[in-house]
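The values are calculated or read from the model by the stated rules, or taken from the named source; none is laboratory data. A quick note: this is a predicted structure, and the numbers were derived from the prediction, not measured. All Cβ positions, glycine included, derive from the backbone under ideal geometry; neighbour counts span all protein chains shown. Heads up: the accessible areas ignore ligands, DNA and RNA and are worked out on the full protein's heavy atoms, side chains in. Shrake-Rupley method; radii C 1.70, N 1.55, O 1.52, S 1.80 Å.
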Amino acid sequence: MALKYSKQRQAIWEFLQDRTDHPTADVVYNSVRKDYPNLSLGTVYRNLMLLRDIGKVRTVDVGDGIIHFDPQVREHNHFICSECGRILDIGGLDTDRILADAATNFSGKIEGFTVNFHGICADCLKGKQKAPADDVASR
Ligand SMILES: [Zn+2]
Ligand SMILES: [Zn+2]
C-alpha cells in the first residue's frame with residue numbers, strides 16, 4: 001500500500017510534535033477526534049505505527065503493557081514516577097560505553113538497548129514535603 005498524504009496523519013503528528021508526556025494512542029485519539037469526529041481509535045493507532053515506521057515518532061515501552069508515543073526520536077532514556085506515573089526523558093547517558101560494556105560479556109551482536117529508571121519525580125517530591133496529609137490521617 002502506497003504512502004498517501006493523510007490529513008488525519010498530519011493532525012496526529014502535529015498533536016504529538018510538542019508533547020513531552022509520552023501519550024498513549026487513547027490520549028492522541030481523544031484529542032485529535034475533536035477535529036476529526038469520524039476518526040476511529042484503530043485509525044489513530046495505525047497512523048501512529050506508520051509514523052513510527054517512517055521514523056517520525058518512536059514507541060516507548062515502560063513495562064506497563066501500554067505503548068506510549070514519543071516525538072523525540074533522538075537517543076534518550078526514560079524515568080517513570082512511581083507516584084504519578086509520569087514518564088520523563090533522561091538524556092546524557094554514555095550509551096556507547098553501556099553498549100561496549102554489555103558486549104564484553106556477550107558473544108552475540110547487540111544492536112540496541114532500553115533503560116527505564118524508576119523513582120519519584122521532582123513534582124511529587126515537592127508535593128510530599130508540602131502536604132503531609134497522609135501522615136496526619138493515619139494517626
Ligand atoms: Zn510524579
Ligand atoms: Zn521520551
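Brief remarks follow.
- Solvent exposure ordering (accessible area, 1.4 Å, most first) of Ser107, Ser6: Ser107, Ser6
- Fully extending the segment from Ala122 to Arg46, taken as 0.36 nm per residue of separation minus the present Cα-Cα distance, adds 23.9 nm.
- Exposed-loop-free span, longest in the chain, where chymotrypsin sites (Phe, Trp or Tyr not before Pro) count as exposed if DSSP calls them loop and at most 12 other C-beta atoms lie within 10 Å: 6-105
- Asp53 contributes an accessible area of around 110 Å² to the protein surface, as traced by a 1.4 Å probe with all chains present.
- Carbon plus sulfur fraction of accessible area for the chain, probe 1.4 Å, in percent: 51
- Largest accessible area first, the residues Lys126, Lys109, Lys7 order themselves as Lys109, Lys7, Lys126 under a 1.4 Å probe with ligands, DNA and RNA left out.
- Sites Asp21 and Asp101 - FRET efficiency at Förster radius 30 Å, r taken between beta-carbons, to 0.05: 0.45
- The alpha carbon convex hull volume per residue for the chain rounds to 186 Å³.
- Assuming charge only on the beta carbon of Lys and Arg (+1) and of Asp and Glu (-1), the dipole of the chain about its Cα centre is about 520 debye to the nearest 20.
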